[in-house]
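The block underneath contains the structure these notes are about, expressed in structure tokens.
Nothing in this text is a laboratory measurement; each read-out follows from the coordinates by a stated rule. Computed from a prediction, not measured in an experiment: that's the story for all the values here. Methodologically, a virtual Cβ is constructed for each residue, glycine included, from the backbone with ideal geometry; neighbour enumeration extends over all protein chains shown.
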Amino acid sequence: MDISGASAIITGGASGLGESTARALAARGAKVVVADLNDEKGTALATELGGAFVHTDVTDTDQVIAAITAAQDLGPVRALVNCAGIGWATRTVGKDGEYASAHDLGIFRKVLEVNLVGTFNCIRLVATAMGREEALNEDGEKGAIVNTASLAAFDGQIGQAAYSASKGGVVGMTLPIARDLGAVGVRCCTIAPGLIDTPIYGQGDASEQFKDRLKKDVVFPKRLGYSTEFASLAAELITNSYMNGETIRLDGAARLAPK
């Protein structure tokens, strides 16, 4: 699928995996809409790439539709990459055995609301817009969606119940959504990245020492992944017209220990 001159929406696009993906798709000629909560970084990146920034909470339907409208102003909507997400680490029960110290249910719901419900909200709305576009070829292809899961969907560690549940949900809905969207000419795949070196780990000596410890679970290459490697795969999943319904681990063969 040729995305040159088309528009692409990247949620969480102002930094990390989303920023690298925005750059990769812009390099292929797409008009990028950076959909993010960080106004300063999002505006700067969109300006640099010749795209548009829209302040977007992925759980807010009106804000997602505003991002779609901005994309339609730039070109036909052909791509969505869902990178927006949050993390949390809390054990299911507390050490003191009290009900009050059990995992906060509001936090559990919040993680699912952003990572799972937010991803689905963007999919259902952007796919609707894609379905209105003209088909690109005799196959009836109109667009492609890439979601972001995590190794935590498969190898969730201690304290990752909420995060793993949210990312496992993204994996679980990928195939049925692909089957749903085939009727409107839209493909859907998911990337489950492993330990990727992004700003989430911070900076400085303590951060570097922490990242060094993480490498023990990676088989080869013995390092954290690069956000550009995620972006490269995302671009391939969008442009390769036979990629559909798949979840691909991007992890250097890492299998995470319990902690």
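Above 12 Å lies some portion of the pair distances; for region 101-154, what is it as a whole percent of all C-alpha pairs? Write down the numbers at each step before the final one.
Numbers: 1059 of 1431 pairs.
In whole percent, the share of Cα-Cα pairs in region 101-154 beyond 12 Å is 74.
Between N240 and S101, what is the FRET efficiency for a Förster distance of 35 Å, r being their Cβ-Cβ separation, to the nearest 0.05? Working shown, then result.
Working: r = 48 Å, r/R0 = 1.37.
So, using R0 = 35 Å, E works out to roughly 0.15.
Applying a 10 Å radius around every beta-carbon, put 185-195, 109-119, 206-216 in order of their mean neighbour count, most first. Could you put the intermediate results ahead of the total?
Details: 185-195: 23.8, 109-119: 19.9, 206-216: 11.7.
Averaged packing, sorted descending, gives the order 185-195, 109-119, 206-216.
How far apart, in nm, are two points set 7 Å out from the Cα along the Cα-to-Cβ line at F210 and at A89?
Computed distance between label sites F210 and A89 equals 0.7 nm.
Compare E138, E246, E48 in a GNM of the chain, Cα atoms joined below 10 Å, and give the one with the largest fluctuation.
E138
Output wanted: per-residue J couplings in Hz (rounded whole) for region 6-19, from phi through Karplus 6.51 cos²θ - 1.76 cosθ + 1.60, θ = phi - 60°, x for Gly and Pro.
Going residue by residue, I get 8, 9, 9, 9, 10, 7, x, x, 7, 7, x, 4, x, 4 Hz, with x marking Gly and Pro.
Normalized C-alpha radius of gyration of region 7-249, against 2.2 N^0.38 Å? Kindly include the intermediate steps, with their values, before the conclusion.
Values: Rg = 18.1 Å, N = 243, 2.2 N^0.38 = 17.7 Å.
Ratio of Cα Rg to 2.2 N^0.38 Å: 1.02.
Would you grab the residues whose amide H sits under 5 Å from the one on R78? Only those 5+ places off in sequence or on another chain, please, with H modelled 1.01 Å from N.
Amide H neighbours of R78: S7.
Find how many whole Å separate the alpha carbon centroid of region 55-107 from the alpha carbon centroid of region 138-177.
13 Å
May I ask you to evaluate 6.51 cos²θ - 1.76 cosθ + 1.60, the Karplus curve with θ = phi - 60°, for each residue of region 140-150 and list the ³J(HN,Hα) values in order in whole Hz, giving x for glycine and proline?
Coupling constants for region 140-150: x, 5, 10, x, 8, 10, 10, 9, 10, 9, 5 Hz.
Could you tell me which residue out of Q203, F154, F108 lies farthest along the dipole of the chain toward its positive end? Charges go on the beta carbon: Lys and Arg +1, Asp and Glu -1, centred on the Cα centre.
F154
Rounded to the nearest 20 debye, what is the charge dipole size of the chain about its Cα centre when +1 sits on each Lys and Arg Cβ and -1 on each Asp and Glu Cβ?
Value, rounded to 20: 720 debye.
Under 5 Å between amide hydrogens, which residues at least 5 positions from A84 or on another chain qualify, with H placed 1.01 Å from N in the peptide plane?
Counting only residues 5 or more places away or on other chains, the set is T11, G12.
Between A192 and residues 5 or more places away or on another chain, which pairs have amide H atoms under 5 Å apart, with H built 1.01 Å from N, and which residues are they?
Distant-sequence amide H within range of A192: A149, I248, R249, L250.
Using θ = phi - 60° and the Karplus relation 6.51 cos²θ - 1.76 cosθ + 1.60, list the HN-Hα couplings for region 213-219 in order, rounded to whole Hz, with x at every Gly or Pro.
5, 5, 5, 4, 8, 8, 6
Just check region 206-259 against the gyration tensor rule for me: Cα atoms, a ≥ b ≥ c as the square roots of the eigenvalues, rounded for a/c under 1.5, and otherwise prolate or oblate depending on whether a/b exceeds b/c. Can you show the working numbers first?
Numbers: a/c = 3.29, a/b = 2.06, b/c = 1.60.
Cα axes put region 206-259 in the prolate bin.
Mind checking which lysines have their Cα closer than 22 Å to the Cα of K41? Skip sequence neighbours fewer than 8 apart in that chain.
K31
Checking the a/c ratio against 1.5 first, then a/b against b/c, what shape does the Cα gyration tensor give for region 116-259?
On the way: a/c = 2.51, a/b = 2.00, b/c = 1.25.
Taking the square roots of the gyration eigenvalues as a ≥ b ≥ c, region 116-259 is prolate.
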